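Novice: First, the structure itself, so that you have it in front of you.
Coordinate-derived values only; no laboratory data. None of these values were measured; they are calculated from a predicted model. When we count neighbours, we look across all protein chains shown, and the Cβ atoms used for this are built from the backbone with ideal geometry, even at glycine.
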């Protein structure tokens with residue numbers, strides 16, 4: 001009869017801590033690569049990697065080295081998902097291009113397709129999705145205020161009326177004309193705009 005402790009040799013599908021454990025393991029396995037390529041920018045979110053370099057040639061060589069390092073340590077890469085040495089890239093729902101960041105069309109369409117919430121749980125799910133995109137929504141706090149207040153009370157039923165419906169549709173439609181966000185030019189002066197209402201204060205640089 002077997003005597004000992006059984007343990008996983010692979011992360012089980014559906015285990016809630018699998019993404020966190022994989023993220024930590026991959027991060028440790030990339031330490032040596034980062035040390036060998038100090039001029040390369042390498043971002044990691046779980047199993048999504050984004051590599052950037054000053055020139056196309058440097059990017060191509062760094063990408064080749066990265067793929068070889070991952071293969072050497074037993075990782076498998078998807079050729080279909082790979083975006084190699086390009087000026088444009090899709091990463092974590094964003095379209096990145098020459099120092100700008102835009103919401104991807106697929107993310108916008110997914111939000112537009114969300115039906116009207118019927119329960120507080122559904123409302124919190126919607127608010128979580130649009131809050132992820134709040135940088136692209138001017139006056140987000142004011143638009144979303146009535147939706148947050150609709151989740152009050154002990155019952156699961158929403159407090160829903162014309163104000164909430166208008167805010168719900170406005171948040172979705174605002175994303176259809178979301179601008180591209182660019183990195184600030186640190187050589188230029190900055191202006192701070194401050195607004196105040198009955199309920200909140202906001203500031204915008």
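Novice: What does the extension gain come out to for residue 10 and residue 31, with contour length at 0.36 nm per residue minus their alpha carbon separation?
Specialist: My answer for the length gained is 5.4 nm.
Novice: By how many nm would the segment from residue 106 to residue 141 lengthen if fully extended, with 0.36 nm per residue of separation less the alpha-carbon distance? Display every interim value, and only then the final one.
Specialist: Details: separation 35, 0.36 × 35 = 12.60 nm, distance 2.42 nm.
Full extension from residue 106 to residue 141 adds 10.2 nm.
Novice: Now a separate question. In whole percent, what relative contact order does region 18-86 give with Cα contacts below 8 Å and a gap of six or more residues?
Specialist: For region 18-86, the relative contact order is 24 percent.
Novice: Also, quick follow-up: Please give the helix 56-72 orientation as an angle from the longest Cα principal axis of the chain, in degrees from 0 to 90, rounded to the nearest 10.
Specialist: So the inclination is approximately 70 degrees.
Novice: Oh, and also: Quickly rank 13-24, 38-49 as a protection proxy: mean count of other C-beta atoms within 10 Å, highest first.
Specialist: 38-49, 13-24
Novice: Follow-up question, since we're still on this one. Give me the angle, in degrees from 0 to 90, between the Cα long axis of helix 18-29 and the longest principal axis of the Cα atoms of the chain, rounded to the nearest 10.
Specialist: Taking the Cα atoms of the chain, the angle to 18-29 is about 50 degrees.
Novice: Okay, moving on. Along each of its three principal axes, how wide is the spread of alpha-carbon positions in region 107-204, in whole angstrom units, largest first?
Specialist: Rounded to whole Å, the extents work out to 52, 34, 19 Å.
Novice: Follow-up. Could you order the peptides 131-144, 75-88 from most to least packed, using the average number of other C-beta atoms within 10 Å per residue?
Specialist: By packing density, highest mean first, the sequence is 131-144, 75-88.
Novice: Additional query: Quote the relative contact order of the chain in percent (integer), defining contacts as alpha-carbon pairs under 8 Å separated by 6+ residues.
Specialist: Details: 167 pairs, mean separation 25.1, N = 205.
Over the chain, the number comes to 12 percent.
Novice: Also, quick follow-up: How many angstrom lie between the C-alpha centres of region 83-101 and region 167-197?
Specialist: Taking the Cα centre of region 167-197 as reference, the centre of region 83-101 is 20 Å away.
Novice: For the chain, find the longest principal axis of its Cα atoms and tell me its angle to the long axis of helix 120-131, 0 to 90°, nearest 10.
Specialist: Orientation of helix 120-131: about 70 degrees from the principal axis.
Novice: Using 0.36 nm per residue, how much length does the chain from residue 156 to residue 192 gain when fully extended, once their Cα-Cα distance is taken away?
Specialist: Difference between extended and current length: 8.9 nm.
Novice: Can you pull the one-decimal nm distance between simple spin-label points at residue 132 and residue 114, each 7 Å off the Cα toward Cβ?
Specialist: Going from the residue 132 label point to the residue 114 one covers 1.0 nm.
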